[in-house]
Amino acid sequence: MNVIFAVVFTAAAAFFLIRDPNGFLPAMLSGGEKAALLGLNLLAVYCVWLGFFGVMEKSGLAQKISRLFFPVAKKIFHTDDKDAVYLAACNLSANMLGLPGAPTPLGIRATERFLAHGNSRAADLLFVLNATSLQLLPTTVIALRIAENSASPADIVLPTLLSTLISTCAGVLLLSAAHRLRRKK
């Protein structure tokens with residue numbers, strides 16, 4: 001991937017240098033400045049939500065929510081492993097809050113536990129739920145819209161909720177069909 005990115009960047013830079021040599025350096029500096037500012041904005045959003053999750057975990061609230069989620073998760077993931085369900089619940093709740101990078105370690109640990117118990121269906125389902133990522137509150141997209149001075153940055157909530165709900169349902173249905181086909185073979 002790095003090679004592809006380097007080739008595309010080099011080709012674009014060469015084209016820009018030929019087309020507008022005087023505008024190349026100001027455009028590079030302006031783009032770098034915007035990227036750094038956007039990175040700081042996203043860092044602030046991630047710090048708030050990761051701090052929130054840290055407080056939830058240390059206070060025991062995450063464990064209580066996981067216990068509430070356990071009967072449903074037990075049926076969804078077909079498992080009695082409380083640790084795997086806890087990790088999966090935390091992973092899915094972080095995804096629902098629009099934090100794409102934060103839940104990854106939790107999802108990996110939950111998947112490892114599912115696979116260690118021979119529950120590949122649960123691991124597959126967790127992967128599909130992460131990939132389709134139902135978004136109740138797309139905080140990252142809202143932060144991006146705020147950073148770009150959107151007049152109404154939260155207008156994205158309903159369309160995001162609907163589109164991710166549809167993609168999640170489609171993903172789960174496709175996974176279910178794939179598992180049925182696998183069992184028939």
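Shape analysis of the chain based on the Cα gyration tensor places the equivalent ellipsoid semi-axes at 38, 22, 16 Å, largest first.
The count of lysine pairs in the stretch 28-184 with alpha-carbon distances below 18 Å, taking only pairs 8 or more places apart or on different chains, stands at 4.
Membrane-span-like helices in the chain (whole DSSP H runs, Cα extent of at least 27 Å along the helix axis, mean Kyte-Doolittle hydropathy of at least 1.6): none found.
Label-to-label distance, residue 146 versus residue 44, with points set 7 angstrom from Cα along the beta-carbon direction: 0.7 nm. Among 86, 46, the order by Cβ neighbours within 10 angstrom, fewest to most, reads 46, 86.
Nothing charged except the Cβ atoms of Lys and Arg (+1) and of Asp and Glu (-1): what's the magnitude of the dipole of the stretch 28-184 about its Cα centre? Round to the nearest 20 debye.
Approximately 700 debye in magnitude.
Relative contact order, whole percent, for the chain stands at 18, derived from Cα pairs under 8 Å and 6 or more residues apart. Taking all C-alpha pairs of the stretch 133-185, those more than 13 Å from each other amount to 64 percent. Each of 184, 58 was scored by other Cβ atoms within 10 Å of its Cβ. Listed from fewest to most, they are 184, 58.
Rule-based calculations on the coordinates, nothing more; no lab input. Model, not experiment: these values are computed from the prediction. Cβ atoms come from the backbone with ideal geometry, glycine included; neighbour counts cover every protein chain shown.
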